[in-house]
Amino acid sequence: MASPPGEQYLLLVELVHKHIDFHDAELRAVLEMHEIKLGIDCNFIALPNDANVSAGSIDCVSQSKRPFRILSFPWSSIGSRFSVCDEEEEEQENCTRTETINLVTSLARCTLIRSVLELWGYGNQLDNCVGSIQSSNCLERHKAGKHLSAKSDGAKGYGSRSWKITIHTLGTTYSRDEQQDMRSKFSFLHLPGPVQMEHPDDEYLFIREVELDTAGGAVYPRHSEKKELIPENDKRPPLACYFGRILGNKRLGRNWRGGNRLEQYSLKKRLYLGPTSMDSELSLIMSNLAKVKIGSFAFDPFVGTGSILLTTALRGAYAFGTDIDLRVLRGRSEDENIRSNFKQYGLPSPELVRSDNAIYHRHFREHLPFFDAIVTDPPYGIRAGAKKSGSRRDEIREVLDEHRHDHIAQTKPYAVSDVMADLLNVAAMTLRMGGRLVYVIPSMLDFNEQEDLPRHECLRIVSVCYQPLQTELGRRTVTMEKIKDYDRNKRDQYLQGAWVNGAASAEKVANIRERLLEAAKKKPGYEEKAAARKLKRKATKEAKKKAKREANNK
Amino acid sequence: MHYDIQTSDRTEKGYPLDIEVTTLKYEESSINREFILKLLPKVNYPALYSAVSQVCPHCTEHSLPELPEHLDTSDEAISNLDEDTIGKLHTWLLDVYLVEGMLVCPDTGRKFPVKDCIPNMILHEDEI
């Protein structure tokens, strides 16, 4: 399906060095959401020095977890089916006129994309990269302005476009002179317009990629800590060299992240927070994995402080949240609650209902499956113990009618294994076909993704992304999609089949608090630290009492 | 608006719930046509209409628009809806809040309290 080299339009996607396990999952979900079909509209291309990836494969997963992806589109589709237009007015025009999909706008939705280049050339060294540009026809096309929607008067003619070349060397520092040296290799382009440092029309980027460690630093650093050059490392060839024109430069700048984008909705500024609030970055990624868009009906059955629900609303969804805990639903005060958080960002109020997910079918009608996305962080007993309706006692006393309104319903502990089984079942029941469930599940290192995740006949697992939190503990973000209609008569069957390995897998997810505590106890120095903490608590308590006494005496 | 998806317990006939109004709130917000059009297919219109009819008599402060008794919510009809109808739907779907009141099961008579816009649907231990 790959078109011959001259006929390809290549995009280089640079990803941030975070949530590495999420890169491909998020990218694929966002492409699919915008009707950009992998394998049909575009293909992944292997990076230089990446022997593990077969060219043109759909399931491109760079085994070495490099922060780059190359997407190839047939040239004929640019300007017709797809556009890389960067002008706001033209963008409006395009949207209403045709079904043109703007690649810049679409990809901008990825939280983990750092920048996107129109790739002019690449290779495993600077010279190969230059050679690759010379043999491509990208420059010719740029001159002809073919993909710049030359129809509009807004796009500047080639001759007057201001430009600059930025040198981006991963994990390595090069002096100004060295950088200038690299720049001079591209003088053959003979770009006619003026060089402009601030906001040029075209910003070109030369990227020199090297092996990076998990922290984002170079595996073979060029300089020692004392800033001395390490000759062996300096002589090492790069992993790859890329050269291209930054897309979306006008609207998004060189760095697509940050600035005026959704990333500004960090937790720090939010009015109502709790110990369970999900960090906004992960929530944004989750809403992408769930393909939430304008008019989507999004549901969080364990809404808590509403942090995840908020990000779905930011994406334009109609937000619906339930929780069994009335206190958390109502918030701390008039100004500190879920609704005030939504108001803070100018979002319409979410629908909130106090209900119990374990008995969802008793609360809500089953007629039409209508949720587009269920995005949630279920309670798994670490920061908030889960509860469900029902009495802990064996004998249940009847509640008299006159007490009905004031009676505080009893709740009992809700085992994590049941939480997950019920969640999947509610999802299978209420999602429309193709709708997605995205949830987070804590897991220790001994978790087997194939066997230990909860299952449901009506849902297929799309992706599992791992995020390490501490040495022992991490969490997995699981994305599932509804592929089969729900059969009410099979409810018990569905619930019983949730855990493939039965009790054993459920156990791995449950009781994590106890297991963490066990692990902590085994560590050396635990006894001393625990004793020290106890003394500290006592001291603080005494100090408070003293302060109170003194205040009273005054 | 979520009333149209709520049901009472155990009974087949426990939907839709009847509404007893104590306090209403009306907060105007900007209309997003695309959003309403996407939302409409998921709404059970007769239930919405019945909810609106029950709530309407209580809106003394604001003059809220009337909704037509029947509305064709098929895909074709939806894309042809005029601005006026969209506006009315928007008002009722998104801008009117039941701040305090009761949701009553039409079958068993069980009342679910609504306070601060949040309905409390929790079943008591003897109802499980």
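The values are calculated or read from the model by the stated rules, or taken from the named source; none is laboratory data. The structure presented is a predicted model; accordingly, all values stated were derived computationally and were not measured. Here the Cβ is made from the backbone with ideal geometry for all residues, glycine too, and neighbour counts use every protein chain on show. Ligands, DNA and RNA are excluded from the accessible area calculation, which covers all protein heavy atoms including side chains. Shrake-Rupley method; radii C 1.70, N 1.55, O 1.52, S 1.80 Å.
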Inset, instruction - Place a label point 7 angstrom from the Cα of A:Ser160 along the Cα-to-Cβ direction, then list the residues of region A:196-210 whose backbone nitrogen is under 19 Å away. - result: A:196-203
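Can you give the mean number of other chain Cβ atoms that lie within 10 Å of the Cβ atoms in peptide A:344-357?
Values: counts 0, 0, 2, 1, 8, 6, 1, 9, 5, 13, 9, 7, 4, 0.
Mean shielding count: 5.
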Inset, instruction - Evaluate E = 1/(1 + (r/R0)^6) for B:Glu66 and A:Lys65, where r is the Cβ-Cβ distance and R0 equals 60 Å; express this FRET efficiency to the nearest 0.05. - result: 0.50
Legend entry - Peptide B:34-40, shielding by other chains (average Cβ, 10 Å cutoff): 4
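Set the Förster radius R0 to 51 Å, insert the Cβ-Cβ distance between A:Lys523 and A:Lys548 as r into 1/(1 + (r/R0)^6), and round the FRET efficiency to 0.05.
0.90
Per-residue Cβ counts within 10 Å, from other chains only, averaged over B:109-122: what number is that?
Details: counts 1, 2, 3, 6, 4, 2, 3, 8, 7, 13, 7, 7, 11, 14.
Shielding by partners across B:109-122 averages 6.
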Legend entry - Fully extended contour minus Cα-Cα distance, from A:Phe188 to A:Thr540, at 0.36 nm per residue: 119.7 nm
Inset, instruction - Run the quick spin-label model on A:Arg327 and A:Tyr220: label points 7 Å from Cα toward the beta carbon, then report their separation in nm to one decimal. - result: 5.8 nm
Inset, instruction - Just subtract the alpha-carbon distance of A:Arg236 and A:Asn137 from 0.36 nm times their residue separation and send over the number in nm, one decimal. - result: 32.6 nm
Inset, instruction - Set the Förster radius R0 to 41 Å, insert the Cβ-Cβ distance between A:Glu449 and B:His58 as r into 1/(1 + (r/R0)^6), and round the FRET efficiency to 0.05. - result: 0.15
Legend entry - Inter-site label distance for A:Glu472 and A:Asn489 at 7 Å from Cα along Cβ, in nm: 4.8 nm
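By per-residue mean of other Cβ atoms within 10 Å, what is the highest-first order of A:339-347, A:433-441, A:225-233?
A:433-441, A:339-347, A:225-233
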Inset, instruction - For the B and A pair, go ahead and give the buried accessible area with a 1.4 Å probe, both sides summed, in Å² to 100. - result: 3700 Å²
Legend entry - Neighbour net charge for A:Val464 - beta-carbon separation under 9 angstrom, K R +1, D E -1: -1
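Would you please put A:70-78, A:116-124 in order of how densely packed they are, using the mean number of other Cβ atoms within 10 angstrom per residue and starting with the highest?
A:116-124, A:70-78
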Inset, instruction - Using 0.36 nm per residue of separation minus the Cα-Cα distance, give me the extension gain between A:Glu457 and A:Ala46 in nm, one decimal. - result: 144.4 nm
Inset, instruction - For region A:281-300, list whatever residues lose no less than 50 Å² of accessible surface once every protein chain is in place, relative to that chain by itself, with the probe at 1.4 Å. - result: A:Ile294, A:Gly295, A:Phe297
